[in-house]
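Here is the structure we will look at, set down as structure tokens.
The values are calculated or read from the model by the stated rules, or taken from the named source; none is laboratory data. The shown structure was predicted, so the numbers you read here are calculated from the model rather than taken from an experiment. As a convention, Cβ positions derive from the backbone with ideal geometry for all residues, glycine included, and neighbour counts pool all protein chains shown.
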């Protein structure tokens, strides 16, 4: 078995309720104690295909998703230095697209990582720092990344960012960092994780209750979807025909970006409906 | 702290083992088990000792980043606030939240906050104790009251809220008529137009249950308006969740987010949306397609008809720059889609004809039958049933002083319909400087037109007191005494939303973390000051703390015995209120019968600066996120593009390519010159801009306000004319002409 394969399988080991979940209130601890010791390992983790649908007809380009992402994922602002314009990490941001026809409307697209089923970035990583999680998330291991940035070149959606500077959090700003997400050092590439830690946490909590997360719990799970005032972003399991995200993704307004490249993105857009 | 108990629980949860714990004293513990030794790995946080390791708690509260006051939930881990989310239970935002709301964490953890009270000694601000600060101020105030109470000037940047009201109460009990309020998003013209039309001096709310179109009259609908989060939700729901997809029609000069989102964008000349509304009224009246129930009973209809006769599609086309056919078509579409939400906001009302524009929009709503209609349209903003505070007993000294004329000239001609006028103050202060000025949520040395005038004026006041938690320009340059406020995540406060939702909501704010610094809630400082001033002022402030004062009003909600929280005992009610973060009526207010009055007038927008020398209209705008500059210390907001197509962290002048000096390319430096000043900033060539306009965002060019705000862009306020609106006295952003040159 290659080291890479081994590593991926290691990450994919069914989760036991973590110490974190254990500590979360006495009720949860009580529930865990009631489970047989093997129960959590025995719950088969259902394979998922996590996906997202962004309804452009609901979206008003308010940018709440981008700020929610910065808040949740400890994305640094660096400083106000003009040379950093355009070089700050952004996992979820508004893409401004000028129309090809002169009088047509431009488009603003909220763009997270597309979490392609066949991701070009994974193929080029020489150290296995980026890999495809079995549930469809394109993950990045910050500690493995050597900063070669091949993945940034390969990604047709430009959804990867490089840390050109050491994040300069003041002592005061350090306090607001989300303890669930590791910060990234100088010289590594970072990207959207579909708020993997939130998915993981929900699964742990559901596992303690001996069940799988429900579609209702998943729909607004990532930070961007939770914040959206227009309910434009829906998350869920694309393989579950009953899920909201699968229903929306199979609708007539659905499309994906650069579909002809064969990357099979897991992010669908619903086109604007200019009434 | 009660050592033994808290340590017991903490250690048990931290997995140290219960056996170790009973009767343990902290000094007996190994260093890694000492809770305060956490500072070895992470910075110590005030309040962390109440938390177990890894423990998280969620608190419901209300946002204070703009006047909308959305419901929020704050995630606090080990005493650190790490996440702000929308509160799904709150009927205003239903779990959604804007970029500003989430950036509240950066308002709290701004590294350049003021750590405690400051006093200017020899030109430098030096720390002093709260006791010294308060006694200094109390002594100065007692002296002023003994001589002439009207020598106290109070400026509040807020328009509502209990702290704002406490400040007004202090001014009244003290005896000064010089209480000047009004935020930059002054809603005075809209409130005035509502008063003329339906007799209620308040901005309207918007009902939308069966409406199938939103007609925005130059409104900053989905961008700078404090209702943008409400409208983002409403517009999405009206488009996708109703049987008939609603249309968003926007009339405005620039390609902003409202124009981007619109199904139909009518690009008109700036400040002419009132004319467009009257043009639509003309078509509706001519064709007899209007709501007869409301209109035929209304007062002033004859005069209104006489005015509207002149607004033929052809004349309206001349005024607005739109084709005549588009105006007729618009009228037909609005009639077909009624009820319609016709929306005006601070951006529509930034011109000298603000009252006329607001009046025209309200008249159009009346013709379309969209006023106090259960299906959708303008609603009278419902008030939550808060209990009043006891009346103030005013002594003879105060009574006499209250009758002296106001410094700002408000309530008298030519500002007869005003409550306060900010822009006349600098000249008035320089002519007769007051002795003491209190500034609450006000940074006029940066945020008002011609900030230099304000600096000179405030420098003429012997004692300038600011309550700002940040070293803003006013603090850095002119304040003599700084009594820093808590941020909204550290204090108890009310959060009554600005009108928008047709349902009564009373939000509250509660501390979610222990105060980071030696700051105090301004409401408590006001009460403490009143107590120190003694009778008769202290009698108007009979509460020991601000919280007691606030709870007295909230108990009115308890007494109403309706809405989302109904409890038998007041204590239980308040507990649930703190837990929920808001009280709301169960349903939207039922429609009230209104008597409608048409008060027709029309005036084109007035511009300062001769057209020959200054050919372009300057349109300053409050960009997405950091508004008039109060969010500029929050880097997340700075990272938003202020207009589609602009870079982040950029303050640029948007201009149509044919209006730019020859040879100028995107990003080249422009010099923008007005009769009042000149600025150099990059050009943003935008082929969608209306001809003859330059748009520049507010919020740039801070010289203080912390590391994130300083030295980013230029401050457009330096270019502006400081002529307030006649009658309402509102501050106007769009009244100045400029010219541009290559720099």
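Some notes on this structure:
- Taken over the range A:255-275, the criterion of being more than 14 Å from chain B (Cβ to nearest Cβ) and either in contact with a helix residue (DSSP H, G or I) (Cβ under 7 Å, 6 or more places away or on another chain) or part of a loop (DSSP other than H, G, I, E, B) (or both) is satisfied by A:256, A:257, A:258, A:262, A:263, A:264, A:265, A:266, A:268.
- Residue within the range B:122-135 that is more than 10 Å from chain A (Cβ to nearest Cβ), at pLDDT below 95, in a loop (DSSP other than H, G, I, E, B) and farther than 30 Å from residue B:531 by Cβ present: yes
- Residues in the range B:445-458 that are within 19 Å of the chain's Cα centre (by Cα) and crowded, with 24+ Cβ neighbours inside 10 Å: B:445, B:446, B:447, B:449.
- Qualifying residue in the range B:282-296 (condition: crowded, with 18+ Cβ neighbours inside 10 Å and in contact with a strand residue (DSSP E or B) (Cβ under 9 Å, 6 or more places away or on another chain)): yes
- Selection over the range B:641-679 of residues that are within 14 Å of chain A (Cβ to nearest Cβ), over 30 Å from the mean Cα position of the chain (by Cα) and either assigned to a loop (DSSP other than H, G, I, E, B) or in contact (Cβ under 8 Å) with a residue 60 or more places away in the chain (or both) gives a count of 3.
- Of all residue pairs spaced 6 or more apart or on separate chains, those with beta-carbon atoms under 6 Å, a first member in the range B:517-529 that is without any contact (Cβ under 8 Å) to a residue 24 or more places away in the chain and a second member that is part of a helix (DSSP H, G or I) and crowded, with 23+ Cβ neighbours inside 10 Å are B:524/B:546.
- Residue check, residue A:113 away from chain B (no Cβ under 14 Å), at negative phi and buried (at least 17 other Cβ atoms within 10 Å of the Cβ): yes
- In the range B:678-687, residue modelled with the lowest pLDDT [restricted to those that are surrounded by 19 or more Cβ atoms within 10 Å (Cβ to Cβ) and over 30 Å from residue A:168 (Cβ atoms)]: B:686
- Cβ pairs under 9 Å, 6+ apart, first in the range B:336-352 and free of Cβ contacts under 8 Å to residues at least 12 places away in the same chain, second surrounded by 24 or more Cβ atoms within 10 Å (Cβ to Cβ): B:336/B:213
- Of the residues A:74, A:63, the single one that is facing another protein chain (nearest Cβ under 10 Å), under 19 Å from the mean Cα position of the chain (by Cα), in contact (Cβ under 8 Å) with a residue 12 or more places away in the chain and more than 28 Å from residue A:264 (Cα to Cα) is A:74.
Each row is one residue, and each column tells you yes or no for (1) without any contact (Cβ under 8 Å) to a residue 12 or more places away in the chain; (2) part of a loop (DSSP other than H, G, I, E, B); (3) surrounded by 24 or more Cβ atoms within 10 Å (Cβ to Cβ).
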position	(1), (2), (3)
B:53	no, yes, no
B:60	no, no, no
B:65	no, yes, yes
B:72	no, no, yes
B:76	no, no, no
B:82	no, no, no
B:92	no, yes, yes
B:95	yes, yes, no
B:110	no, yes, yes
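- Listed here are the strands (runs of 3 or more DSSP E) enclosed by the range B:145-224 that have at least 2 residues being more than 30 Å from residue B:364 (Cα to Cα): B:152-156, B:179-181.
- Close pairs from the range B:714-728: first in the same structural domain as residue B:454 (by TED's automatic domain parsing), partner in a loop (DSSP other than H, G, I, E, B) and modelled with pLDDT under 95, Cβ under 6 Å, at least 6 apart: none
- A single entry from B:119, B:105 fulfils the requirement of being facing chain A (nearest Cβ under 9 Å), over 30 Å from residue B:586 (Cα atoms) and either part of a helix (DSSP H, G or I) or touching a residue at least 12 places away in the same chain (Cβ under 8 Å) (or both): B:105.
- Taken over the range A:178-201, the residue count meeting the criterion of being within 19 Å of residue A:226 (Cβ to Cβ), assigned to a loop (DSSP other than H, G, I, E, B) and away from chain B (no Cβ under 14 Å) is 3.
- Failed criterion for residue A:231 (all others in (1) closer than 26 Å to residue A:77 by Cα; (2) within 12 Å of chain B (Cβ to nearest Cβ); (3) buried (at least 21 other Cβ atoms within 10 Å of the Cβ) hold): (1)
- Residue in the range B:59-66 that is within 7 Å of chain A (Cβ to nearest Cβ), in contact with a strand residue (DSSP E or B) (Cβ under 8 Å, 6 or more places away or on another chain), modelled with pLDDT of 90 or more and within 20 Å of residue B:492 (Cβ to Cβ) present: no
- Screening the candidates B:566, B:594 for the property of being more than 29 Å from residue B:357 (Cβ to Cβ), assigned to a loop (DSSP other than H, G, I, E, B) and over 27 Å from the mean Cα position of the chain (by Cα) yields one hit, B:566.
- Sole residue being more than 9 Å from chain B (Cβ to nearest Cβ), farther than 29 Å from residue B:634 by Cα and buried (at least 22 other Cβ atoms within 10 Å of the Cβ), chosen from A:69, A:145: A:145
- Any hit, the range B:239-246, residues being more than 7 Å from chain A (Cβ to nearest Cβ), modelled with pLDDT of 90 or more and either in contact with a helix residue (DSSP H, G or I) (Cβ under 7 Å, 6 or more places away or on another chain) or closer than 22 Å to residue B:623 by Cβ (or both): yes
- Only a single item in (1) surrounded by fewer than 23 Cβ atoms within 10 Å (Cβ to Cβ); (2) within 27 Å of residue B:360 (Cα to Cα) is not met by residue B:622, and it is number (1).
- Looking only at the range B:692-721, residues that are surrounded by 23 or more Cβ atoms within 10 Å (Cβ to Cβ), under 30 Å from residue B:411 (Cα atoms) and touching a helix residue (DSSP H, G or I) at 6+ places or on another chain (Cβ under 9 Å) come to 2 in all.
- Answer from A:82, A:89 - the residue that is more than 14 Å from the chain's Cα centre (by Cα), touching a residue at least 24 places away in the same chain (Cβ under 8 Å) and within 14 Å of another protein chain (Cβ to nearest Cβ): A:89
- Of the residues in the range B:346-365, none is within 30 Å of residue B:237 (Cα to Cα) and surrounded by fewer than 24 Cβ atoms within 10 Å (Cβ to Cβ).
- Selection within the range A:182-222 - under 16 Å from residue A:89 (Cβ atoms) and either in contact with a helix residue (DSSP H, G or I) (Cβ under 9 Å, 6 or more places away or on another chain) or buried (at least 16 other Cβ atoms within 10 Å of the Cβ) (or both): A:183, A:184, A:188, A:189, A:190, A:191, A:192, A:193, A:195
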